[in-house]
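Let me begin by presenting the structure, written as structure tokens, before commenting on it.
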Amino acid sequence: WFTCTEGNEYFCDVDEDYILDRFNLTNLPQEVPHYHKAMELITDQIDDKPMSEELREQVERSAKHLYGLIHARYIITARGLVKMLDKYKRGDFGRCPRVFCYHNPLLPVGLTDVPNQKAVKLYCSRCEDIYTPKSRRHKAIDGAYFGTSFPHMLFQVYSSLKPAPSDQRYVPRIFGFKLHATAELHRWQDEQREEQKKRLGITNNP
């Protein structure tokens, strides 16, 4: 249910047997309010007992948070990496906007592993820089649901897929001259002018 919701396209389906293995859920009951109800909702085992609208909203919010935290752990497992690799190859996370990266596929990454701190960013393995997602829905995703290690772990395992770093750089020019070269030329000309003034005994006007 979670990955089918609009705005959750970055997430992969976490295997139910992984979710049901308590070892994989260490410390999560203390981090998530209404943990048991949230777990029932994730595994589609929630009972039909009536629930107030307020409580239902809280449980749904907790279920999304719980799924995100489980997801961060799952995607650095062998099975999780395979699923995210498929999404990477399809370009599900978008492509690098930098011209000299030639549409290299991106991967989601967190700037911190602590929830509710930083939104998800997109990592380019060619220029090794990060970018903000274009979609407003994706901009709101918690970066901790992917973690700081995921893209680097993926390329550790699938090293043959990591592209060579881009050595192409845009060089600003004015009338064909590189800006830094022009600045060096001007600096040299000023120095030569000052030296010539000293030799001729010319002083600057106050």
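Observations
- The modelled label-to-label distance between Asp13 and Phe155, using points 7 Å beyond Cα along the C-beta direction, is 3.0 nm.
- Simple Cβ-charge dipole of the chain, Lys/Arg +1 and Asp/Glu -1, about Cα centre, in debye nearest 20: 1440 debye
- Between Tyr102 and Thr3, the contour length at 0.36 nm per residue exceeds the Cα-Cα span by 32.8 nm.
- Inter-label distance, nm, simple model (7 Å from Cα along the C-beta direction), Thr26/Glu184: 5.6 nm
- Entry comment: accessible area of the chain is 65 Å² per residue, from protein heavy atoms only and a probe of 1.4 Å.
- Candidate values (i) 153; (ii) 130; (iii) 222, label of the one derived for volume of the Cα convex hull per residue in Å³: (iii)
- Test item: Cα-centred dipole of region 2-121, Lys/Arg +1 and Asp/Glu -1 on Cβ, debye: 820 debye
- Region 1-70 shape via C-alpha gyration tensor axes, a/c threshold 1.5: oblate
- Relative contact order (%) - criterion: Cα under 8 Å, at least six apart; region: region 1-154: 20 percent
- Under 24 Å from the Cα of Lys37 - lysines, other chains or at least 8 residues apart: Lys49, Lys64
- Inter-label distance for Thr43 and Gln117, nm, one decimal - labels placed 7 Å from Cα along Cα-to-Cβ: 3.0 nm
- Amide H partners (placed H, <5 Å) of Ala119, local residues excluded: Gly143
- Portion, in percent, of the accessible area of region 21-89 that falls on carbon or sulfur, probe 1.4 Å: 50 percent
The values are calculated or read from the model by the stated rules, or taken from the named source; none is laboratory data. What you see is a predicted model; the values in this text were computed from it and never measured. Note that each Cβ is placed from the backbone with ideal geometry, even for glycine, and that neighbours are counted across all protein chains shown. Calculation scope for accessible area: heavy atoms of the full protein, side chains included, ligands and nucleic acids excluded. Shrake-Rupley method; radii C 1.70, N 1.55, O 1.52, S 1.80 Å.
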